[in-house]
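*Asks:* Dumping the structure here so I can ask a few things about it.
The values are calculated or read from the model by the stated rules, or taken from the named source; none is laboratory data. In this text, all values refer to a predicted model and were calculated from it rather than measured experimentally. Reconstructed Cβ throughout: ideal geometry from the backbone, glycine too, with neighbour counts over all protein chains shown.
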């Protein structure tokens, strides 16, 4: 993601800090399910797709993960 791009709906993110009130830890991966101003509602699920937590986070609380496809690898 370019440094100017804002996180958007359905981006996959990794948490950069623990959020003990939601029982989620740094490094957990979630999906942005709602955006409002500078807040992002991120859903964290288990391997079965069951929601573990919904946490309201700021942009500096997470890192947007990028997926490189086989086509993307060819472009590198």
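*Asks:* Specify the residue that is surrounded by the fewest Cβ atoms within 10 Å (Cβ to Cβ); the eligible residues are those in the range 11-52 that are without any contact (Cβ under 8 Å) to a residue 12 or more places away in the chain and in a strand (DSSP E or B).
*Replies:* Of the residues in the range 11-52, the ones without any contact (Cβ under 8 Å) to a residue 12 or more places away in the chain are 18, 20-21, 25-26, 36-37, 46-51.
Applying the additional criterion that residues be in a strand (DSSP E or B) yields 36, 51.
Working: 36: 8, 51: 11.
Filtering first and then ranking leaves 36.
*Asks:* Residues of the range 53-62 being surrounded by fewer than 17 Cβ atoms within 10 Å (Cβ to Cβ) and in a strand (DSSP E or B), which ones?
*Replies:* 53, 54, 56, 58
*Asks:* Further, regarding this structure: Across the range 17-76, which residue is modelled with the highest pLDDT among those that are out of contact with any strand residue (DSSP E or B) (no Cβ under 8 Å at 6 or more places or on another chain) and closer than 14 Å to residue 7 by Cα? Write out each step before concluding.
*Replies:* If we filter the range 17-76 for residues that are out of contact with any strand residue (DSSP E or B) (no Cβ under 8 Å at 6 or more places or on another chain), which is where we start, we get 17, 20-21, 36-37, 47-50, 60, 66, 68-76.
Next, only the ones that are closer than 14 Å to residue 7 by Cα stay: 36-37, 60, 66.
Numbers: 36: 93, 37: 89, 60: 96, 66: 88.
Here the residue is 60.
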